[in-house]
Structure formats: structure tokens, C-alpha cells
Amino acid sequence: MKILKFGGSSVKSPEKIRDVKNIIENQTEKLVVVVSAFQGITNNLVELSRLASEKDNAYKETLEHIKKIHIDFTRELIEKSKLQQVLQQVTALLSELENISAGVFLLNDLTPKIMDRILSFGERLSAYIISNVITNGEYADSRDFIKTDNSFGNAKVYTEQSYPLIAGFFKGKDNTFVVPGFISSTVHNETTTLGRGGSDYTAALFAAALHAKLLEIWTDVDGFMTADPRKVSKAFAIESLSYPEAMELSHFGAKVIYTPTIQPVYKLNIPIVIKNTYNPDAAGTYITREAKSVGKSLIKGISSIDDINLITLQGPGMVGVKGISMRMFGALANSNINIILITQASSEYSISLAINPEDIEKAITALENEFEPEIKLRNEVVIQVEKELSIIAIVGEQMKNTPGISATLFRSLGRNGISVIATAQGSSELNISVVIKKESLRKAMNVIHEGFFLSHYKELHIYLVGIGTVGGILLQQIYQQQEKLMKEHQLKVNVVGISNSRKMLINPDGINIFNFREQLDNSGTEANLSKFIATIKKLNLRNSVFIDCTASQQTAAAYKQVLESFISIVAANKIACSSDYSVYKELKSAALSKNVKFMYETNVGAGLPIISTINDLIRSGDKILKLEAVLSGTLNFIFNELGSTVSMSKAIRLAKEKGFSEPDPRIDLSGTDVVRKLLILARESGYPLEYNDIKVEPFLPSECFEGNLVDFWKKVEKYDQQFETNRQNLEKEGKKWRFVALLDEGKARVSLQEVDKSHPAFPLEGSNNILLITTERYRDQPMIIRGYGAGAEVTAAGVFADTIRVANV
């Protein structure tokens, strides 16, 4: 004997009911089939009752809708030979419903007893129709067998009366009986209901009474999932659960199964399997007394209750006083308020309870009445309420006595800026529950799921501002490396937002990098940095990284807001770190306090590991004494290109054409870029310098920097011959020009220097950079870092490397 239960989504249409027919008729054992109302009908019946009780004639429209669905289903599903007979019975049931509804309308009154009777029609109609669809099907009314008290709306089952009635009726019968779920009756045969979701409970009662070997619950998912797939796209079906694990997941919001369902079969050790009507070949989830361990994860699933209120009773009047908890729980129980979660401070100073929002006013009143002396007379206790909260529970029997579970949970939340408001764990260690802000629920579910189930790979969500030369090449590099990063480094890089000066585009499901410019042009909206950041914060995606490949002051000014939203930053933009020292420190502190990363390696030396090396030296206890560097790949390229056939003005043009210089090369030629880089290095080395603390010795006359860019080209050409004469003299002496940045004993300057062959910078080619680091440990022989220091390719690669470092932290 097997019991099969089909929910509303499984019988939502004639097509799905034919699928149900095939599933039933492919079974080889004796069956009892329990069905819910057709999808949406229970809600229609609730609406019908409400409208009728309010004397609103619109109830008739709802009634006609209900009639049409059932008659249409009957005509489409029932074979011609018995169509009239079935239609006659369906019409009779619908007429009964119409008469009761008319009575409610006339009396302007709706009692719980009448409400249950109205609600019963959904299951009675679906069960009767489906019993006539399947071969050798027969209808049986579960009200004849399941007996309850008269708590209409959520009746208590009398199993000692119900089980013999069920067993007696089905003894010796071979047909496949279809019975309505959810409904029952009192000993006086008054219709009652078992609460929403009660069809599962009906099936479990039949399974226990008939000592079935298996209870199959057919729904619209492949089983219990590791998390709600509507919130966590990477959720997958759980192969097996124990009864306690299933009950915990159900209690905390997993709507796959109705929690009381498990109780009747638990006692008799009858397995439950959750199956998918839409994917009948899927294995499903088996629920037994002892579930087998599958995979490496120490938890089985993550469940959530989306909307709760937290009510806290606290104050010195509670400390050391006996009976406080009893009074609190008693007051709430007398007001019929269900408590979802309990947590108490070890000092006894406070007790917090999670309850449904609709019960909050009743709960406040009940507690105010119970603790009136402590609250009003002695002023020793206060009641606090926090709203817009959610509960997340992680569940698994293997959690018991296993260290590190809580650490993984809280680390996953903390690293993504999600605060835990309250937490609870039973002594059984079957679950750990946390209360968080409702706005963070989706993000929290994903980071916890990633922490426990997807530890074999990590996902970054990238928001890129600036898709010009460097930003565009960065996207190309990500596109080329995505597959390799996933395969070899278990890292999924998902670009979800891009913006240029004109348009922006955000897609939380990811942007196809292959044709990102076309998507931006066709689907992008007007660029607005404030709205771009506001959307990032609203989406609240885990492991988010904001990448700035602009030279925008406005974008740099937004860094603090981004960091304080628990979003890491990777910046190619030098403005923020080279602005006032107070701003630089503020950003570093914000990243540290929010436990996110602020990476800006490419601010100095493009892709060279300069900042990270200095950081490593300092973290290891060394002290930076002196820095000597050629930090402008642009200027180094220019001075290396100078020759008898390449004048100063021509070398500058070449640098601009090859993308080494800024669009306005005067930024490079003035030394401004080098000053910013040296300023950043000085600060990273522990010297709190400001921009004006660095002495600048320009190599071009001041007139070259006056006027517009057209004027500049005319003026600089006047000095070509002078530079050539000086270059020839320098060549005779065996020397070269290098624009050198120097930090020595806390003092800094940038200037054009003549270096001979003994200097490490002498052989520097093309746009290469070089840095000599003198420290207490590297005093006699400075550490040298040399390599490409300019160019979009290496700068983009440096940004990419910083992004990967964010993931690897």
C-alpha cells in the first residue's frame, strides 16, 4: 500500500491532471490518492466568503468563476460515456456551494463553521473529478473517516477514532480511491478543516492508519531544496533528510511539506518521498528516521521565514526573578499567539521572541497587561518591538558536536555586511537560527548557501564604471578568462553592471560581455552615478565589487558610500588616494570597519606589484626608509624615444597615439601624475604627506601649460631644438634622462635627473617603470621592482588581479 498526495500545482490544469493520471496508473501497488483543490480555488473560496459576508454582490462573479473552472475541467477530462453522470454530480456540489454562499450573503454573517464548509468544496470537487479520470478510480469522502474536535479552521484530529474508520473502510478493497485532503468532520459530522496545507496531513493520517510502506508527496519542485530556489538560484534538491531535519526546515519556512504531516508517519517509521509532478523521473527527497549523509556539507538545508517581528521584554526587574518566562509565555498562549523563536540573554536581563507581524498588537497588549506592575508602577521592565525582520535557519543533524558551523555562518554574513540581530540554537544542535533585517534576506540566503554548499567555487558580482580603453580591455580579459577561472580556480566572475559617461546598465542575472557595448546602447538608461550606486545597494548582491576605471572626481567622491554599503572597491582612479590625507585614511578605515577590500594597486605602476610589496614589507615589521622610482611610463617612453629623428614634440605625440599618455598629455608632462603616485606610495609607506608637501621641478617651461591643447602643441615645438642639443650633450657623457620620484626621510620631490650606466634606471626601456625600496632590512642593497608601468593592457590586467585578490581574501 502506498499513499500518493498531489498538491494544487500538480492539478492546476487538465494537462497536469493527465500527467497525474499517468503517474497513478504507472504504479504497481494498491493506492490511496489524496488531492488538494485545483490551484487557486481555495483562495477563490476565501474571497467568495468574504464578499458574501460583506453583502457584496461581486461574490457572484467569483462563484461563476469557480463554476466555470470545474465544469470546463470536467468536460475536457471525462470520457463521453460518463460525462453526464459526472457533470450532474459536479453541478449538484456547485449548487450546494451557491446556496450556502447566498445564505451568508443574506445573513451578512460568516462563522468559522460555515467557512470550513465552504472551503471543503475545493477538495471535494477536485477529488470527485479526478476519481473519474483515472482507471478504476473511486471517490471516498475523507470526512467519513477523519474525526476531529470542533476547532473550525484548524481542527485537532482524534486519531484513536479516525484510524479504525480508515482501516475498516479500505480493508479488502482493490480500486484506487481518491480522497479530498484538508477536510474532516466532528463526531457529529460537522465539516472541519485541518489548516492550510492540511492535505499533506490528510495523506499522512491515511498512511499511518493503513500502515503504508511509503507516502509520496507530489508537488512542483524536485524535493526539499538546499534553499528556496526563488531566492537562491543555485539551490539543489536534497537527496535525503531525517524526520527531525524535515520538521525543522518546514517550521522555518520550507513550504514543501506541511509540518504536522511528519508526526503520524514518524511514529511508525513510514518513509516520505517528495516528488515533482513536472519532473517525475527526478529522484526526489527521501525522509526517514535516519537520513544518510551525502556530500561534504555539514548542514542539509537553509530555510527562512520572510517576515517576522521581534518583541523583547527587558529590564533589571527580570534579573534573578523566578517565573518571568512562565508569565510571558502564558500571557501569549492565552492570546493564542504562536512563538516562532525564543532567545534569552544569559544575564536574564532580556527575553526576545519572534512572532508573526499580524499578532504583534495582541502580543504587546497581552504583555502590557501581564507585566503592568513592572512596567508602569516600578518602571523595571520595558517592551521593545523590531519590525521588518526575517529568520534564517540552517539545519542538519551532522552539526551536532561539529566545530566551525557557527563560524562559517557568521563569517559568511559578516563579510557581506549583514548584521545578526538575534540568534538561537537548541541543545540538540539540529539548527542554528538567526534574525536579520528583511532587506538583507536574499543576500544572506545566498552567502550562507555559498558558504556551506558551494565552497568549491565563489562568485563575484562586478559593477564597472568606465568602459573606455582600460575598462573595455578589462572586460575583454574577464571574458577570455571566465571559463579558466571557473575550471582552475573555482571562481565565477559575473559582470552585473556597467556604465560610461552616457549610459548605464545593470542586470543582476549578468551581462553578456561578448556584446556589452551593444547591450548598453540598446538597453541602457541615462548614466547617473547616484542611481547606479543606489541600485547596487538595493540589489544587495553578495561578494559585490565596484571597479572604477575612470579619472572622475565624482566617482572617487562616492567611494566612502560604496564601502559603507559593504561593497569592495578596485580603483584604477588615483584621485581618491591622492586627495587629502584625511580622505585617504577615512576610506582605508571604512574598508577595515566594514570588512571589505579597497584595492588600488594600479594607481602606481599599472600592473606592477608595488603597493602590495610595500604593504607586505610593513606588515612583516620592516620600515620603509627611502623610495627612488621612475613611475611615469609615459615620460620614460618619451625620454627613451628622443633622438636625432624624434623631437620632444614628436615623442609626446607618439606617447599619446600609443595610449601611454592621458588624453591631455600635459597631465603627464607637468609631473602631476608622478606626484600623485609618489604621494600614494609615501602614505602606504607610513608617511602622512599632502600633495603640496612634494616638491616639483618641471622640465618644460610654465608657458607650455597655459592655454588650450592646440596652444600647447605650438609652444612645445619651440623647445624641440633645445632638448635635442641637451640630449646630444648628455649622450656624449654616457647619460640618460629619467623623471625620478624620490622619498627620503619623509621628504619627497619629483624632478628630471641625469643618470649614468651605474644607475638601475639607466637601461629602462620603453614605458617601463622601476622602484628602488630601501628599508631597514634592505638597507645596503635596495629591493628593485621593474617592468611595464603604462599601457591599457597591463593596467587592465592589474585591475583584474586586484579583483581576483578580493575574491581570494
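The values are calculated or read from the model by the stated rules, or taken from the named source; none is laboratory data. Fair warning: this is a prediction, and the values are worked out from it, not measured in the lab. Every residue, glycine as well, gets a Cβ built from its backbone with ideal geometry; the counts of neighbours run over all protein chains shown. Accessible surface is based on the protein model in full, side chains and every heavy atom, while ligands, DNA and RNA are left aside. Shrake-Rupley method; radii C 1.70, N 1.55, O 1.52, S 1.80 Å.
Any residue that is farther than 30 Å from Leu241 by Cβ and either in contact (Cβ under 8 Å) with a residue 60 or more places away in the chain or touching a Leu at 6+ places or on another chain (Cβ under 7 Å) (or both) - is there at least one of those in region 330-341? Yes, some residue in region 330-341 is farther than 30 Å from Leu241 by Cβ and either in contact (Cβ under 8 Å) with a residue 60 or more places away in the chain or touching a Leu at 6+ places or on another chain (Cβ under 7 Å) (or both). Residue-level check: of (1) farther than 23 Å from Asp744 by Cα; (2) touching a strand residue (DSSP E or B) at 6+ places or on another chain (Cβ under 7 Å), Ser649 misses just (2). Tell me, please, whether a residue that is farther than 18 Å from Ser578 by Cβ, buried (at least 19 other Cβ atoms within 10 Å of the Cβ) and in contact (Cβ under 8 Å) with a residue 60 or more places away in the chain can be found in region 656-664. Checking region 656-664: at least one residue is farther than 18 Å from Ser578 by Cβ, buried (at least 19 other Cβ atoms within 10 Å of the Cβ) and in contact (Cβ under 8 Å) with a residue 60 or more places away in the chain.
Based on what the data block shows, is Pro688 open to solvent by 60 Å² or more (accessible area, probe 1.4 Å) and either free of Cβ contacts under 8 Å to residues at least 40 places away in the same chain or part of a helix (DSSP H, G or I) (or both)? Lay out the reasoning, then the answer.
Values: open to solvent by 60 Å² or more (accessible area, probe 1.4 Å): yes; either free of Cβ contacts under 8 Å to residues at least 40 places away in the same chain or part of a helix (DSSP H, G or I) (or both): no.
No; evaluated as a whole, the condition is false for this residue.
Across region 784-795, the qualifying residues are those that are of a type in the set (A, V, I, L, M, F, W, C) and modelled with pLDDT under 95, and the one among them that is surrounded by the fewest Cβ atoms within 10 Å (Cβ to Cβ) is Ala792. Looking across Asp744, Asp693, Asp780, one residue alone is closer than 28 Å to Tyr581 by Cβ, open to solvent by 70 Å² or more (accessible area, probe 1.4 Å) and not aromatic (Phe, Trp, Tyr). It is Asp693. If you go through region 335-370 and keep only what is surrounded by fewer than 17 Cβ atoms within 10 Å (Cβ to Cβ) and of a type in the set (Gly, Ala, Ser), you end up with Ser335, Ala345, Ser346, Ser347. Criterion applied to Ile339, Ile262, Ile274 was being in contact with a Ser or Thr (Cβ under 9 Å, 6 or more places away or on another chain) and closer than 21 Å to Asn431 by Cα, and the one residue passing it is Ile262. Of the strands (runs of 3 or more DSSP E) contained entirely in region 469-561, those carrying at least 1 residues that are open to solvent by 20 Å² or more (accessible area, probe 1.4 Å) and modelled with pLDDT under 95 fall at 491-499. Restricting attention to region 139-171, the residues being over 23 Å from Ile114 (Cβ atoms) and open to solvent by less than 70 Å² (accessible area, probe 1.4 Å) number 10.
Taking strands (runs of 3 or more DSSP E) as the structural unit, those lying wholly within region 180-254 and holding at least 1 residues that are under 25 Å from Tyr128 (Cα atoms) and open to solvent by less than 10 Å² (accessible area, probe 1.4 Å) correspond to 183-186, 191-193, 214-219.
Residue by residue, here is whether (1) assigned to a helix (DSSP H, G or I); (2) under 32 Å from the mean Cα position of the chain (by Cα) holds:
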site: Pro280; (1), (2): no, yes
site: Leu298; (1), (2): no, yes
site: Asp307; (1), (2): no, yes
site: Gly317; (1), (2): yes, no
site: Met326; (1), (2): yes, no
site: Gly330; (1), (2): yes, no
site: Glu358; (1), (2): yes, yes
site: Thr365; (1), (2): yes, no
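Are any of the residues in region 414-431 more than 14 Å from the chain's Cα centre (by Cα), closer than 23 Å to Val806 by Cβ, at pLDDT below 85 and outside any strand (DSSP E or B)? Looking through region 414-431, none of the residues is more than 14 Å from the chain's Cα centre (by Cα), closer than 23 Å to Val806 by Cβ, at pLDDT below 85 and outside any strand (DSSP E or B).
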